[in-house]
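Note sheet for the following structure.
The values are calculated or read from the model by the stated rules, or taken from the named source; none is laboratory data. All figures in this text were calculated on a predicted structure; none of them were measured in a lab. As a convention, Cβ positions derive from the backbone with ideal geometry for all residues, glycine included, and neighbour counts pool all protein chains shown. All accessible areas refer to the heavy atoms of the entire protein, side chains included, with ligands and DNA or RNA removed. Shrake-Rupley method; radii C 1.70, N 1.55, O 1.52, S 1.80 Å.
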Amino acid sequence: TEELLRRTEKLTIVGQLAAGVAHEIRNPLTTLRGFVQMQLKGKALAPYYQTIMLGELDRINFIVSEFLVLAKPQADRFQDCRLKAILEDMAALIEPEALLNDVRVRMELGGGDPIVAGEPNQLKQVFLNLMKNGIEAMSERGGRLSVTLVSVPGQVVVQLRDEGVGISEEQLARLGEPFFTSKEKGNGLGLMVSQRIVNNHGGSLVVRSKVGEGTEVSVSLPAKEREAGLSQPNSG
Ligand code: ADP
Ligand code: MG
């Protein structure tokens, strides 16, 4: 059966976030504290352990910076973003990972050049997260990741379709929950952060999936009207 997830508002998110962040940061802090204590007792730490410490610090830094993105929508910093260019840039960035996983990325970006008002770095993060998830879902057998850009009146829709493992109904219900991950090395933040960013841009993010067949993520964003004189003829 096909499941549909639609979350434009999630009121419980703040409480979940606070608990999640506290939990996720406490683990690396505990590790770091242990190492510092060892050093205080006069034990010289091997470089191996120092590398672990660095990794734990990076992890804390990553979690905190992910949440800074969510701190507040900065509409005053919105600028005209060309979605096509953003998608092309992110596809190029993810290409090595795609190759490594035997994934072919197919871009169908259409003839137009739709513009949305937004923070380009945040929008880039959204599409990078989603492409990454698609590729990771196909890491077993490889496959195709299709990225489609469609303009409909007033809206721009980006669809990312993979042929990966898919998502069970049980997991689908938990998507967007902070720190929910099915991956050994996952952090469970990508989807939640993406959803928040898209919502902050006045858009919506919908996930459809079938176990064993694949997943489709649709991101709709409000299209920005072009200035007079800049408009292009409609392209079908
Ligand atoms: P992470 O990728 O670190 O696990 P995300 O927030 O990006 O965190 O994704 C959360 C979970 O949602 C993943 O662990 C996975 O179970 C599921 N998921 C997300 N995207 C896909 C996809 N394209 N195909 C299958 N499962 C997915
Ligand atoms: Mg992810």
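What's the magnitude of the charge dipole for segment 82-123 around its Cα centre, counting Lys and Arg as +1 and Asp and Glu as -1 at the beta-carbon? Answer in Debye, nearest 20.
Working: 4 positive and 8 negative charges, 26 e Å.
With Lys and Arg at +1 and Asp and Glu at -1, about 120 debye.
Ignoring ligands, DNA and RNA, what accessible area per residue does segment 74-229 give at 1.4 Å, in Å²? Walk me through the intermediate numbers first.
On the way: 7500 Å² over 156 residues.
For segment 74-229, the per-residue accessible area is 48 Å².
Note the direction-averaged projected area, equal to a quarter of the hull surface, for the Cα convex hull of segment 46-190, in nm². Don't skip to the end; give the middle numbers.
Working: hull surface 43.8 nm².
If you wrap the Cα atoms of segment 46-190 in a convex hull and average its projections, you get 10.9 nm².
Using a/c under 1.5 as the rounded threshold, could you call segment 31-122 rounded, prolate or oblate? The axes a ≥ b ≥ c are square roots of the C-alpha gyration tensor eigenvalues, and prolate needs a/b larger than b/c, oblate otherwise.
oblate
Give the Rg (one decimal place) followed by the Dmax (whole number) of segment 119-158, computed from C-alpha coordinates and expressed in Å.
In Å, with Rg to one decimal and Dmax whole: 12.6, 39.
Could you look at segment 147-220 and say what percent of its accessible area is carbon and sulfur, using a 1.4 Å probe and all protein chains?
Numbers: 1450 of 3160 Å².
Looking at segment 147-220 in its full context, I get 46 percent from C and S.
Antiparallel as a % of all DSSP beta bridges within segment 68-181, to the nearest 5?
Details: 11 of 17 bridges.
Among the beta bridges of segment 68-181, antiparallel pairing accounts for roughly 65 percent.
Determine the relative contact order of segment 167-211: mean sequence separation of Cα pairs under 8 Å and six or more apart, normalised by residue count, in whole percent.
Details: 32 pairs, mean separation 16.8, N = 45.
Dividing the mean separation by the residue count of segment 167-211 yields 37 percent.
Take the Cα coordinates of segment 168-219, assign each an equal point scatterer, and use the Debye formula without solvent to give log10 I(q)/I(0) at q = 0.27 Å⁻¹.
-1.17
Which shape class, rounded, prolate or oblate, goes with segment 133-225 when its Cα gyration tensor gives a ≥ b ≥ c as root eigenvalues, a/c under 1.5 marks rounded, and past that a/b bigger than b/c marks prolate? Could the numbers behind the result be given before it?
Numbers: a/c = 2.27, a/b = 1.43, b/c = 1.59.
The shape class here is oblate.
Alpha carbon centre of segment 171-204 versus segment 18-68: separation in Å?
Between the Cα centre of segment 171-204 and that of segment 18-68, the gap is 24 Å.
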